[in-house]
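The values are calculated or read from the model by the stated rules, or taken from the named source; none is laboratory data. Treat the numbers as computed from the prediction; the structure is a model and nothing was measured. In this analysis, Cβ positions are derived from the backbone assuming ideal geometry, glycine residues included, and neighbour counts consider all displayed protein chains.
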Amino acid sequence: QKAGKLLFRFPLVTVRGTPLMCHIADNFEKIWAFNPHPSDLLIATYPKAGTTWTQEIVDLLLHNGDSEACKRAPTPVRSPFLEIFSPKPIPSGLDLLEKMDPPRMIKTHLPFHLVPLGFWENKCKTIYVARNAKDNMVSYFHFDRMNQTQPEPGPWECYVNKFMQGELGWGSWYDHVKGYWVEKEERNILYLFYEEMKENPRREVERIMRYLDLSLSDDVISRIVELTSFKSMKENPMSNYSCVPAPVFDHTISPFMRKGEVGDWRNYFSPEQSKMFDEDYKEKMKDVDIPFRDSI
Ligand code: A3P
């Protein structure tokens with residue numbers, strides 16, 4: 001029991017201003033030194049913004065909609081998580097990447113300023129997905145309940161404050177979405193929104209396809225849209241994170257594929273919380289004009 005406890009609910013350690021899981025912080029120099037190949041693709045998000053969904057779309061696009069090919073392994077094996085480090089013997093993201101040939105689909109939650117410079121020096125394509133703050137926070141709250149490697153979320157009222165103060169793993173949502181937004185032209189980053197993907201998945205799949213310089217048939221695009229619906233991905237053992245069983249991900253507390261909707265925040269924020277959050281949001285986001293929508 002004691003040893004089990006030691007392995008879980010890792011504390012956060014601040015690296016260059018950003019709180020990260022202690023094992024990531026301890027290995028940060030190795031992560032920072034990672035040198036990607038120019039053909040590698042980076043998929044960057046604040047946690048719970050639609051990473052897994054985007055990874056699945058990209059993998060299917062790269063495999064011309066071949067669903068069997070995309071069931072060759074679970075998401076984190078097909079598309080390694082750059083900065084993840086866990087106690088041995090669990091392989092790190094860097095271990096997995098080392099064993100793969102480029103082009104690789106690399107996932108990261110690092111804020112822009114912590115992304116290894118090699119990605120920009122090598123002009124790697126980068127897809128950033130952003131999700132409105134309130135839904136993003138609700139999703140993160142449930143994830144922190146079920147993911148036993150993350151700090152305890154504590155009660156919802158306190159969680160809202162931690163989110164607003166940027167005290168959760170990978171730091172401030174506000175700085176994260178802004179960091180990539182201001183760099184998107186200079187670094188040729190495709191900046192997507194979860195809400196737009198929900199509203200018109202086909203349009204967004206086609207946008208990603210063009211960004212990857214691919215041209216697939218209408219039928220294949222339709223198939224990809226179908227295979228990456230919330231329902232299909234929830235049922236697919238290679239995309240629903242059933243590969244990470246309890247006690248690490250306790251899907252009985254909250255499944256990884258939880259709801260997949262826009263506007264679930266209304267079931268969590270009281271009117272007072274929402275007002276307080278909106279006022280603070282206005283202040284924090286006043287220097288940028290990012291077209292977020294919290295309903296569709
Ligand atoms: P909810 O907790 O709101 O349901 P990430 O992959 O970045 O960890 O994000 C996980 C969130 O994306 C979860 O949100 C999950 O349900 C949602 N999600 C995953 N696949 C999806 C899909 N195909 N369509 C819509 N939402 C999806």
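The table that follows gives values for the structure above.
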{"item": "Any hit, segment 272-290, residues being within 21 Å of the chain's Cα centre (by Cα), surrounded by fewer than 17 Cβ atoms within 10 Å (Cβ to Cβ) and under 18 Å from Pro74 (Cβ atoms)", "result": "no"}
{"item": "Strands (runs of 3 or more DSSP E) (entirely within segment 1-110) containing at least 3 residues that are within 16 Å of the ligand (Cβ to nearest atom)", "result": "41-45, 105-108"}
{"item": "Single residue of Leu190, Leu168 found to be in a loop (DSSP other than H, G, I, E, B) and within 15 Å of the chain's Cα centre (by Cα)", "result": "Leu168"}
{"item": "Candidate set: segment 176-187, residues that are surrounded by fewer than 18 Cβ atoms within 10 Å (Cβ to Cβ) and not in a loop (DSSP other than H, G, I, E, B); chosen: the one nearest to the ligand (Cβ to nearest atom)", "result": "Trp181"}
{"item": "Spans of helices (runs of 4 or more DSSP H) in segment 200-296 with at least 3 residues in contact with a strand residue (DSSP E or B) (Cβ under 9 Å, 6 or more places away or on another chain) and either more than 12 Å from the ligand (Cβ to nearest atom) or touching a residue at least 40 places away in the same chain (Cβ under 8 Å) (or both)", "result": "201-211"}
{"item": "Flag if Lys231 is in contact with a Leu (Cβ under 9 Å, 6 or more places away or on another chain) and surrounded by fewer than 16 Cβ atoms within 10 Å (Cβ to Cβ)", "result": "no"}
{"item": "Filtered residues of segment 127-149 (kept if modelled with pLDDT of 95 or more and in a loop (DSSP other than H, G, I, E, B))", "result": "Arg131, Asn132"}
